Amino acid sequence: MFSKLSNIANDINNLLVPRLCFGCNVRLYRGEQLLCTVCRNHLPLTEYDFRTENAVDRIFYGRTVIQKGAALLFYQEKGIVQNLIHALKYKGQQQLGNFLGDWMGVLLKDGLSHGPIDVVVPVPLHRKKLRERGYNQVDGFGRELARHFNAEYRDDLLRKTANTRTQTKKNRWYRWLGSQELYTLTEPGILKQKHVLLVDDVLTTGSTLEACALALKKAAGIRISIAVMAIVP
Ligand SMILES: [Zn+2]
């Protein structure tokens, strides 16, 4: 009886404040969460998991040693994924990060070929940016992955020290130079000998993750794997 009433209440609420798909903006049916069935079936999954060598691993070749890289989705402009990430970053839709993290956790957790993950660490925002946005958009994603891997979630160890804008117009070398020392590891002892999963939203050139990995490597014997919500193909 109660669930019937709450269904009716949900339906009325949906008439008044329609829930819309974050991928394509159509009205969601009862039972659909965040994405409509069409968008869910059309999400461009990469299959870049922890089992086989993939494009995430290749981005870091010759730059920084990582154990393994994984990406959930392909990022395409004007597509479902761009809409999802935009809503997550700029429209306060934090639950989208949890949704993606939960999904990826299910896909990844049985294929940890490089050993169990001890700690999940998100790419941090500068505190000024964090204040503006109110949350780190990678937070829910990282927490869900940590839950699936039975790992610790630590968003207090890696700190962004300079509030720089992404220098999209410069080439990779200058971006790399510019990203050096942008991040610091506050307590290297905690991550000593740990397998850390570093997580971010969209992987483009890899310079942010590279700079974070550099800071993390102040911890002796650390091993780093990487998981991102989406990769630019
Ligand atoms: Zn949709």
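The values are calculated or read from the model by the stated rules, or taken from the named source; none is laboratory data. Quantities reported herein were computed from a predicted structural model and do not represent experimental measurements. Glycine gets a Cβ as well: all are built from the backbone with ideal geometry, and neighbour counts include every protein chain shown. When the accessible area is computed, the model is the full protein with side chains, heavy atoms only, and any ligands, DNA or RNA have been set aside. Shrake-Rupley method; radii C 1.70, N 1.55, O 1.52, S 1.80 Å.
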Residues located in the range 106-131, provided they are outside any loop (DSSP other than H, G, I, E, B) and surrounded by 19 or more Cβ atoms within 10 Å (Cβ to Cβ): Leu108, Val119, Val120, Val121, Pro122
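Could you please give the count of residues in the range 50-86 that are among the hydroxyl-bearing types (Ser, Thr, Tyr) and either farther than 29 Å from Ala220 by Cα or in contact with a Gly (Cβ under 6 Å, 6 or more places away or on another chain) (or both)?
Adding up the residues that qualify gives 1.
Identify the residue in the range 191-230 that is in contact with a strand residue (DSSP E or B) (Cβ under 7 Å, 6 or more places away or on another chain) and free of Cβ contacts under 8 Å to residues at least 60 places away in the same chain and, among all such residues, is farthest from Glu144 (Cα to Cα).
Lys218
Only one residue in Leu145, Leu177 is under 23 Å from Pro233 (Cβ atoms) and either at pLDDT below 95 or outside any loop (DSSP other than H, G, I, E, B) (or both), so which one is that?
Leu145
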Residue within the range 72-87 that is away from the ligand (no atom under 14 Å from the Cβ), assigned to a helix (DSSP H, G or I), crowded, with 18+ Cβ neighbours inside 10 Å and under 20 Å from the mean Cα position of the chain (by Cα) present: yes
Some residue of the range 37-45 being at pLDDT 95 or above, away from the ligand (no atom under 13 Å from the Cβ), under 21 Å from Pro122 (Cβ atoms) and of a type outside the set (Asp, Glu): no
Any hit, the range 49-57, residues being assigned to a loop (DSSP other than H, G, I, E, B) and within 16 Å of the ligand (Cβ to nearest atom): no
Checklist (1) modelled with pLDDT of 95 or more; (2) in contact with a Ser or Thr (Cβ under 9 Å, 6 or more places away or on another chain); (3) open to solvent by 10 Å² or more (accessible area, probe 1.4 Å); (4) not β-branched (Val, Ile, Thr) applied to Tyr29, failing item: (1)
